[in-house]
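For reference, the structure is listed below as structure tokens.
Just so you know, all these numbers are worked out from the coordinates, no wet-lab data involved. Keep in mind that this is a model prediction, so the values were computed, not measured. Reconstructed Cβ throughout: ideal geometry from the backbone, glycine too, with neighbour counts over all protein chains shown.
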Amino acid sequence: MSLNRRQFLVLGGLLGGVGVATLAHRALTSGAVSRPPSLAATTAPSPTTTPTGQTIAAAKTAIAPKGLFAPVRGDVRIAVISDLNSAYGSTTYEAEVHKAIALIPGWEPDVVLSGGDMVAGQAPSLSPAEIQAMWNGFDRHVGAPLRKTGLPFGFTIGNHDASGALSVGGKFLFSREREAAAAYWNAPAHNPNLQFVDRAGFPFYYTFQHKDIFYLVWDASTSQMPPEQIAWAEKSLASATAQSAKMRMVIGHLPLYAVAVGRDELGEILAPADKLRALLEKYRVHTYISGHDHAYYPAHSGKLELLHTSALGSGPRPLLNSRLQPFKTLTVIDVDLDADATRYTTYNMTTMQVVDHKTLPRLIVGPTGRALRLDVNESDLTTAERSLTFTPS
Ligand SMILES: [Zn+2]
């Protein structure tokens, strides 16, 4: 959905700089992603049957809802959805949201993640009753059906859920929305079925673990995270629990680098981007998952992988440096823990075709730095690509 910047932006802050790390991207991962699945739909092979007649379910077989391309399952499978909302105050959702929620069990994921913007707040005109009605709508159309699957649901708060924007005096501008979001998520009936490691800051910032992956969720609903929260993130990522997990992922609403038209101003990007990326790299975070840009772009910067999700709700946006028509997505991440690698299968949720990564721009330059497509290495760039500079949309 379109955003009234005056209501949202807390401008200023630090320029992340346009320096680009030159570290080569891990060959394994780029290899895994440089082979996009064929667009032709395949049927999942039958489950393996042992000589004793027992059926071995799932592991290493291709699984998807009937009729869709079926990726081979990794050690861990994650379904990622984001930016579900429609217009301000809306209590209903567009068709792609309903489709995604209905189809998710068919991929048999271990966990479902959301990049935020689950409801359509961030409007001072919304009354407490209207805010409550939005969360009721979310529960009816998304929350309750997901709980019914029993799948853990890890989500980050978006600017339209409960913006953390501050007034000049340092108070939350959307405190009513913050309170409503906290009340919804802390209600025992809305238990997201997560194995929390630290839930003191839930639902705004928290950690959980599932199947050898440590997840940290931070409140990136504005471009400026409070220093205390960055300190908390560092402490959490440095912890024995985080470091002994086989993989670490971080989820926040705003991205570190802009990828979409209309989302390339500093107030729309988490700051300071390079410093936060360095923090995540230091503690061997594999992937940062974000929403907000409404444009799918699987990327990396330095040693950090970046999953920019598109919207499922209204207003998918065009990518910067691209002429592709915008589209809504759901991404299935298959994780190979021993290889420390991820493989994305991303569906255009209108056509249900798999997105061919080769159709996406090889790199995108934003105001705080550039992100390379996941299968493109720094050394692959042409002279022209290397000299590409940021052009505001
Ligand atoms: Zn947003």
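Please give the charge dipole size of the stretch 73-386, origin at the Cα centre, charges +1 on K and R Cβ atoms and -1 on D and E Cβ atoms. Round to the nearest 20 debye.
Charge dipole, the stretch 73-386, about its Cα centre: 60 debye, nearest 20.
Could you grab the relative contact order for the stretch 73-386? Cα pairs under 8 Å, six or more apart, rounded to a whole percent.
So the answer I get is 18 percent.
Going by Cα centres, the stretch 360-379 and the stretch 273-327 are how many Å apart?
10
Say the cut-off is 28 Å between C-alpha atoms; which of 303/358; 99/282; 235/358; 148/358; 171/328; 171/211 go over it?
Too far apart for the 28 Å limit: 99/282; 235/358; 148/358; 171/328; 171/211.
Arrange the peptides 174-186, 236-248 so that the one whose residues have, on average, the most other Cβ atoms within 10 Å appears first.
Ranking the peptides 174-186, 236-248 by packing returns 174-186, 236-248.
What translational diffusion coefficient, to the nearest whole µm²/s, does the stretch 310-392 have by Stokes-Einstein, given a Kirkwood radius computed over alpha-carbon pairs, a temperature of 10 °C and 1.306 mPa s viscosity?
In µm²/s, the coefficient rounds to 109.
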